[in-house]
Amino acid sequence: MPTYEYKREDGTTFEIVHPMSDDALTKCPTTGQPVKRIISGGGGVVLKGSGWYVTDYKNKQNGNTKVNGSSEAPKSETSKTSGSDTKKSTPKD
């Protein structure tokens with residue numbers, strides 16, 4: 001659920017978490033003062049953990065790419081010769 005920032009009539013601000021489907025508050029839940037919802041900078045990207053690198057989400061050079069959560073192996077070239085044996089035979093003299 002998103003966090004919304006509201007400004008009271010006396011100029012103080014507070015934050016409250018409620019679903020997007022709920023209407024904006026008109027009165028402060030603690031003081032009863034009229035409030036207006038203000039536009040805030042929002043939450044930035046929070047990267048937690050031991051490390052994050054730009055290369056974590058780039059395509060690999062070997063051709064493996066992720067498509068809809070599954071990895072596809074690179075397609076190998078198939079020979080267009082008819083027959084089961086693709087080796088070329090050398091004539092013996």
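Being surrounded by 10 or more Cβ atoms within 10 Å (Cβ to Cβ) and at pLDDT below 95, is that true of even one residue in the range 41-48?
The first filter runs over the range 41-48 and keeps only residues surrounded by 10 or more Cβ atoms within 10 Å (Cβ to Cβ), leaving none.
Within the range 41-48, not a single residue is surrounded by 10 or more Cβ atoms within 10 Å (Cβ to Cβ) and at pLDDT below 95.
Residues checked against (1) modelled with pLDDT of 60 or more; (2) of a type outside the set (A, V, I, L, M, F, W, C):
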position: Glu9; (1), (2): yes, yes
position: Thr13; (1), (2): yes, yes
position: Leu25; (1), (2): yes, no
position: Asp56; (1), (2): yes, yes
position: Val67; (1), (2): no, no
position: Thr78; (1), (2): no, yes
position: Pro91; (1), (2): yes, yes
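The values are calculated or read from the model by the stated rules, or taken from the named source; none is laboratory data. The structure presented is a predicted model; accordingly, all values stated were derived computationally and were not measured. Note: ideal-geometry Cβ built from the backbone for every residue, glycine included; neighbour counts use all protein chains shown.
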